[in-house]
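What follows is one structure encoded as structure tokens, with my remarks underneath.
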Amino acid sequence: HARKAIEEAAQKGAQLVVLPEIWNSPYSNDSFPVYAEDIDAGHDASPSTAMLSEVSSRLKITVVGGSIPERCGDKLYNTCCVFGTDGKLKAKHRKIHLFDIDIPGKITFMESKTLTAGETPTIVDTVHADVGRIGVGICYDIRFQELAMIYASRGAHLLCYPGAFNMTTGPLHWELLQRARILNNSYMWQLVHLLEILEPVTWLGVTQPL
């Protein structure tokens with residue numbers, strides 16, 4: 001489905017395609033270890049990124065590959081890979097701010113139960129004049145204005161935060177946080193692509209360029 005969606009977007013003239021967070025796996029702590037891929041090993045060890053590399057090269061587009069569970073040694077990360085028009089991996093962003101929530105009777109989910117937090121902001125330069133330099137985050141990273149401020153200070157033109165917000169906190173915070181990050185860095189554009197429905201939790205789904 002991801003390959004088809006990318007191809008359809010490219011056919012409509014897209015130069016930059018952004019996939020959702022954890023698009024290759026159910027969004028659950030039980031599933032992350034099962035669907036995790038060794039991105040650094042590539043090829044058969046990471047069929048998802050192999051597909052992204054092939055399709056970005058064939059279509060001559062930049063793909064911000066949402067995120068997938070990444071296995072690195074004995075650790076798991078929530079990782080976004082960015083592929084350039086030549087199919088090469090341009091950047092790899094590991095989600096810095098893990099989402100742990102416990103609202104009795106509504107939602108309990110602890111990403112830190114299985115995932116390890118990333119440590120490094122990620123900037124990507126693209127070949128597209130109307131896209132330019134991208135700052136990459138994943139979902140809950142958007143909650144922290146300092147990351148967006150770092151990207152602004154480093155000359156990012158666009159923020160890409162693939163996400164999968166839940167339906168408990170999502171409606172209250174998602175659009176508000178988008179607008180807040182834009183207000184913090186008023187000359188920047190922000191593109192966010194959200195996964196629509198995931199089990200066993202229902203997540204907010206909307207794609208909204210601001």
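The values are calculated or read from the model by the stated rules, or taken from the named source; none is laboratory data. Keep in mind it's a predicted model, so treat the numbers as computed, not measured. Note that each Cβ is placed from the backbone with ideal geometry, even for glycine, and that neighbours are counted across all protein chains shown. Calculation scope for accessible area: heavy atoms of the full protein, side chains included, ligands and nucleic acids excluded. Shrake-Rupley method; radii C 1.70, N 1.55, O 1.52, S 1.80 Å.
Each Lys and Arg adds +1 at its Cβ and each Asp and Glu adds -1 at its Cβ; summed about the Cα centre, the stretch 20-94 shows a dipole of about 340 debye. In terms of packing, defined here as the mean over residues of other Cβ atoms within 10 angstrom, the peptides 158-164, 105-111 line up highest first as 158-164, 105-111.
About its Cα centre, the dipole of the chain is roughly 520 debye, where the only charges are +1 on Lys and Arg Cβ and -1 on Asp and Glu Cβ.
The residue list CYS81, MET110, ASN29 was ranked by how far each Cα lies along the charge dipole of the stretch 19-121 toward its positive end, using unit charges on Cβ atoms, and CYS81 comes out on top. Annotation for the stretch 1-76: trypsin sites (Lys or Arg not before Pro) lying in DSSP loop with at most 14 further Cβ atoms inside 10 Å of their Cβ are LYS12, LYS60.
For the stretch 1-59, the list of GluC sites (Glu not before Pro) that fall in a loop by DSSP and count at most 13 other C-beta atoms within 10 angstrom is empty.
Near ILE39, the amide H atoms lying under 5 Å from its own belong to ARG71; only residues 5 or more places off or on other chains count, and H is placed 1.01 Å from N. For the chain, the mean residue ellipticity at 222 nm estimated from helices alone is -7000 deg cm²/dmol, where every DSSP H run of n ≥ 4 contributes -39500 (n - 2.57) and the total is divided by all residues, rounded to the nearest 500.
For the chain, the per residue solvent-accessible surface stands at 48 Å², with DNA, RNA and ligands left out and a 1.4 Å probe. Pairs of Lys residues in the chain are counted when their Cα atoms are under 17 angstrom apart and they lie 8 or more places apart or on different chains; the count is 9. Under a Gaussian network description of the chain, with springs only between Cα atoms under 10 Å, the residue in PHE99, PHE83, PHE32 that fluctuates furthest is PHE99.
Each of LEU59, LEU147 has its accessible area taken with a 1.4 Å probe; listed largest first, they run LEU59, LEU147. Note on exposure: SER53, SER112, SER46 ranked by accessible area (1.4 Å probe, complete protein assembly) read SER112, SER53, SER46, with the most exposed listed first.
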